[in-house]
1. Probe of 1.4 angstrom, ligands and nucleic acids ignored: what's the accessible area per residue over the protein assembly as shown, in square angstrom?
2. Taking the label point 7 Å from Cα in the Cβ direction, how far apart in nm is residue D:113 from each other copy of itself, listed shortest first?
3. Checking buried surface per residue: for the stretch A:123-147, which residues lose a minimum of 40 Å² accessible area in the protein assembly relative to the chain alone (1.4 Å probe)?
4. Per residue of the protein assembly as shown, what 222 nm ellipticity follows from adding -39500 (n - 2.57) for every DSSP H run with n ≥ 4, rounded to the nearest 500?
5. Quick one: label points 7 angstrom along Cα→Cβ at residue A:201, distances to the other copies in nm, smallest first?
6. Just read off the accessible area of residue B:115 with the full protein assembly in place, 1.4 Å probe, to the nearest 10 Å².
7. Count the DSSP beta bridges whose two residues both fall in chain A, then state the antiparallel fraction as a percent rounded to the nearest 5.
8. How much net charge surrounds residue A:171 when only other residues with a Cβ under 13 Å from its Cβ are counted (Lys, Arg +1; Asp, Glu -1)?
4 protein chains.
Amino acid sequence: MENPAQIAELSHTLIAAGRLFHQRGWVPATGGNFSARLDTERMLITASGCHKGELLDADFLIADLDGQPINSARKASYETLLHCQVYRHDPAVGSVLHTHSIANTLLSRRFERIHLAGYELLKLLPGISTHDAAVDVPVFENDQDIARLSAAVDAHMKKVPQTPAYVIAGHGLYAWGATVAQARWRVEALEFMFECELQASRLEEPK
Amino acid sequence: MENPAQIAELSHTLIAAGRLFHQRGWVPATGGNFSARLDTERMLITASGCHKGELLDADFLIADLDGQPINSARKASYETLLHCQVYRHDPAVGSVLHTHSIANTLLSRRFERIHLAGYELLKLLPGISTHDAAVDVPVFENDQDIARLSAAVDAHMKKVPQTPAYVIAGHGLYAWGATVAQARWRVEALEFMFECELQASRLEEPK
Amino acid sequence: MENPAQIAELSHTLIAAGRLFHQRGWVPATGGNFSARLDTERMLITASGCHKGELLDADFLIADLDGQPINSARKASYETLLHCQVYRHDPAVGSVLHTHSIANTLLSRRFERIHLAGYELLKLLPGISTHDAAVDVPVFENDQDIARLSAAVDAHMKKVPQTPAYVIAGHGLYAWGATVAQARWRVEALEFMFECELQASRLEEPK
Amino acid sequence: MENPAQIAELSHTLIAAGRLFHQRGWVPATGGNFSARLDTERMLITASGCHKGELLDADFLIADLDGQPINSARKASYETLLHCQVYRHDPAVGSVLHTHSIANTLLSRRFERIHLAGYELLKLLPGISTHDAAVDVPVFENDQDIARLSAAVDAHMKKVPQTPAYVIAGHGLYAWGATVAQARWRVEALEFMFECELQASRLEEPK
């Protein structure tokens, strides 16, 4: 059932994404985690406790969409259930990427949602074809009970199916796409707009 | 009519510029696009939808100065007409580079023009030989109708021929030069001065 | 008594940490110093006066836990006694890393302690398993008398054994861990949270 | 009289410094210039108009301490006389480095001198052995007449021989040392402290 060439290609693409995110400062310490869908029932996901900027092939494992590792003694990433939620919610999702940036940490500690409007880069998000649009990226309160957090995210996404991505307060961004490349581009676009929002808020009258 | 050595050299120079801009955070996601003039009627330009920090030879195509691809099934960059406008406006232009930076995004969302004065780096801009000068970089409202946007830019440049570069609000910078190197140096100089303006505005009394 | 393979491995890991910190701007000029424990009585430590972003094998020496070089004509790092203090305080410590960042410099010039609360990355620090926690990173006044500074740190750590790391005002961070990797991850996590605190303080009403 | 090995070693060290400064954003476009003393009467200096982050061996030329190229058709850097002034002022100087950073540009546009006090990194500057010190880095008004600017700098340095470095307003830093390495470390230390000063000024009540 395993396809070694598929696994090698996906892990190499995720390793490269991790290196880029590390250069940007978006995966400090052991923060962040990445996955790619293998088929309707399985995903490749980073193991718990490794540095996401310096991933090796051995740092990935296969898990089912309940988050259970398949043929692996390694522990899946602590937040595996959040990846499962996205893959179950939308069968078209091929990759889920989670990053910790300064901008997403600071914005998510201050706001209940991050409102993005008028940016050309909005066109990277699902279903948007003009800068003359607006989206709300929801912010969820952080919770060490990942099953409970995952249920809260799922309830929101059932209610607002066009949710383009979300942020956990003081913790980080979850974004996704049909491919690893598309998920990565959305991370780049969202982090760029978050940084703009953060810097813009410094130009305004303090509240 | 094609000169493979010329095409290879120009594409390699544009690939290198893209890598540098990516390190700086100036071409997030699939943002930005680059071109170089081949002759009086044709240009080499990045294809639509690729990442400008990770360009391959295959990511370029040849188009005429109406933006029509020549012998290529690939789609030219979405904003090709903006490149055409600059090459038609000034036959001495050999390269046009478009970047999306945090600084140019933020300044262009706040101001109708970006006023630069007293910087040594102004000397990089066309026709300026002293820091004791001032230029206005015009800001155009973003528009998904690129033909209309291109016409607005063209009207401005006919009225103000010494326009050194321009910015599209919430979107990015267009700069150019006789060579790819000169265009890239102008991008570097302009982005540096934009970042100075952005940071200086935080040091002032909030307005 | 020397184990060349152990020394080579530790020095290579410290060299890689230095390169990363240099890219981040955390070891400007000859700032910073790094060490790893060899056994209960000896450590490997960077020599005085070298650039920590461009370390060579020859830039390390072995010293005892009083800071005296063993079989080396090179001078140990100026702040060797601060490393000795940590190794003596906790036999489980395997590495001590010292960095100079903009954020730790600025925060330590303004505050007597750096209060960190509600960050997911707090989980990287010793004894913390939830973001719903708070720690105080103590700030010590800078002192060119390193023996006196080391005694002040030691008195504090005896009183507050769960001290996760500390900062010297206008100078830098000392962090540690069971391994070089763990110490480096803590540096990354702390510097990330310091940068968040610094940027957050700009969003508030000036005091 | 030429020593090819000496010239190769110095140019390689300057090329490496340029790469680092470019990564940091301190030599945008063709900004900056670097030199190293060859003997009592000659220096190696970057040629005019090249990018200081991508220097090649061919981008250097030899000039006398009046700034006249020796056996070279290339033009010396525009600001060669400023290098000559430092070498003539102090025979112990072996290298002069000039950088354009955001921080030195912004501070020099606001202040007549940059006051640095209480930083551990002050110890990198000539004659300082404690953080408990203060220096003033003078700021000179920019002037396209380099002979006149050089005379102004020289008059200041004769009056204040312990001047550790200086900045030209809206233009950049000049720093120096006995070797290229020492000059580069001083640039790193000064740019670090400038960035601290810039960021600290944002934390204060706007003036």
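1. Computed with neighbouring chains in place, this is 39 Å² per residue.
2. 3.9, 3.9, 5.5
3. The answer is A:131, A:142, A:144.
4. Working: 20 runs with 312 residues, N = 828.
Mean residue ellipticity at 222 nm (helix-derived): -12500 deg cm²/dmol.
5. The projected label point of residue A:201 is separated from its counterparts by 1.8, 1.8, 2.5 nm.
6. Accessible area of residue B:115: about 100 Å².
7. On the way: 27 of 29 bridges.
If we restrict to bridges inside chain A, about 95 percent are antiparallel.
8. -3
The values are calculated or read from the model by the stated rules, or taken from the named source; none is laboratory data. Everything quoted here is computed from the prediction, not taken from an experiment. Quick reminder, even Gly has a Cβ in these numbers, built from the backbone with ideal geometry, and neighbours come from all protein chains shown. For accessibility, only protein heavy atoms count, side chains too; no ligands or nucleic acids. Shrake-Rupley method; radii C 1.70, N 1.55, O 1.52, S 1.80 Å.
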